[in-house]
Amino acid sequence: MVARLQTAEGRAALAAADEALDRGDPLAAAQAVRTATSDPDLAAAALTQATLRRRAVGKFGADAGRLLYTRTGLEQATRAVVADRRAARLADAGVRTVADLGCGIGADTLAFARAGLTVRAVEADPVTAAVASANVAACGLDHMVSVTCADATATDLSGIDAVFCDPARREASGRRVVNPAAFSPPWSFLRQLPARVPATVLKLTPGIDHALIPEGAEAEWVSVDGDVVEATFWHGPLAAVPRRATVITGTAAHSLTGSGVATAPVAGVRRYLYDPDGAVVRAHLVAEFASTVDGCLADARIAYVFADAPVATPFGTALEVVAQLPYGLKALRSALRAHGIGALEIRKRGVAVEPDRLRRELRLSGDESATLVLTRLGARPTALLCRRVAAGSG
């Protein structure tokens, strides 16, 4: 069906579906596709692609409308802003040829080629490999990329400067795979790649166990607009630091680096509370973050950082502590009513609370808005009433 979508009839069906969906009318889209083709299977495929293209805008931006997708491939595809940054780092390191093992629908392959790298892309699933080939052609990058339908574990890596592998982490049913031994390719293959090609890069789930980080490798966690999207292990000559947290907002990227084993000073609650970005927490760089705001922890096991002054930082959200409230539903309800709080953001660490349920139970009323931070100080649960620090403060 991938080939059919690339014929004149397939392109007409896709164009008809795209145009109708742009007007926000799914029923009109179905009718337009049936007018463009008499083949019901091609019509269904065109409608599916047109729908997936709209979901892909957040990852692929302006390219979303020219690419083809599989549902699973789109879910696991790297966001363009992350793939472009990775490709630039490889190019800056002197890499000229890269093997993309398990290339999926080609998100990273496209970024590598656009950065000037020659790409040997390998994908085991025939449909997904066909989609990747179509996407390479759609972007005019055929001269930089070869796509092969093959088993990544049997791929010849001779003459390759670097290897990139993003193992499949979903079962056929769509359920996420958590155990690295069940990745495809499996962890037993992935961990041997650096011995074959020292400049190896592995894209992994953000929840990957720190115990799996190889000695001498750089482990990086990446967030985009507050969402932690991946962990990346950089091996051999590509490893620059033990740990890195990269926070991307829009097109701006900021990196915090450190050892991953440092500890922050512990003191009491101060006037300002910083909630570190998830990439900072996942990378175990809370102590390094605390040093950038002259902060401390109130509890050694909880990743909230407290400081005496507001500091502009891309690595966390700054809140001003307005009051320390009694912990308990009735006491909180009374205190929030006294402050006139009608809109409440709830953040929590170290306590078993369902924010949405608690918000309903608090029966909020009033004209003010605030943030409620629920945490622990030692064994004691604590509630802190906070407000956002205005942009530019500090």
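The values are calculated or read from the model by the stated rules, or taken from the named source; none is laboratory data. If you're wondering where the values come from, they're calculated on a predicted model, not measured in any experiment. Note that we place each Cβ from the backbone using ideal geometry, even for glycine, and neighbour counts take in every protein chain shown.
All but one of (1) at pLDDT 95 or above; (2) of a type in the set (Phe, Trp, Tyr); (3) over 18 Å from Arg271 (Cβ atoms) hold for Phe306; state the number of the condition that does not hold.
(3)
Here is a list: Leu319, Leu297. Which entry is touching a Leu at 6+ places or on another chain (Cβ under 6 Å) and at pLDDT 95 or above?
Criteria check complete, one pass: Leu319.
Could you list, in sequence order, all residues of the range 76-99 that are under 19 Å from Val197 (Cα atoms) and among the acidic types (Asp, Glu)?
Answer for the range 76-99, where residues must be under 19 Å from Val197 (Cα atoms) and among the acidic types (Asp, Glu): just Asp92.
Could you look through the range 293-312, keep only residues that are crowded, with 16+ Cβ neighbours inside 10 Å and out of contact with any Asp or Glu (no Cβ under 9 Å at 6 or more places or on another chain), and pick out the one that is nearest to Trp221 (Cα to Cα)?
The qualifying residue nearest to Trp221 (Cα to Cα) is Ile302.
Scan the range 140-161 for residues that are part of a helix (DSSP H, G or I) and within 15 Å of Ala195 (Cα to Cα) and jot them down.
Once the filter is applied, which keeps residues that are part of a helix (DSSP H, G or I) and within 15 Å of Ala195 (Cα to Cα), the range 140-161 yields only Thr153.
Checking the structure you have, find out if any residue of the range 336-352 is in contact with a strand residue (DSSP E or B) (Cβ under 6 Å, 6 or more places away or on another chain), hydrophobic (A, V, I, L, M, F, W, C) and within 17 Å of Arg271 (Cβ to Cβ).
no
Select from the range 334-372 the residues that are part of a strand (DSSP E or B), within 32 Å of the chain's Cα centre (by Cα) and aliphatic (A, V, I, L, M) and list them in ascending order.
Once the filter is applied, which keeps residues that are part of a strand (DSSP E or B), within 32 Å of the chain's Cα centre (by Cα) and aliphatic (A, V, I, L, M), the range 334-372 yields Ala343, Leu344, Ile346, Ala370, Leu372.
Could you please find all residues in the range 16-26 being in a helix (DSSP H, G or I) and either modelled with pLDDT of 80 or more or among the charged types (D, E, K, R) (or both)?
Across the range 16-26, the qualifying residues are Asp18, Glu19, Asp22.
Can you name the residue in the range 349-378 that is closer than 16 Å to Phe306 by Cβ and surrounded by fewer than 18 Cβ atoms within 10 Å (Cβ to Cβ) and, of all such residues, is modelled with the lowest pLDDT?
For the range 349-378, the residue satisfying everything is Gly378.
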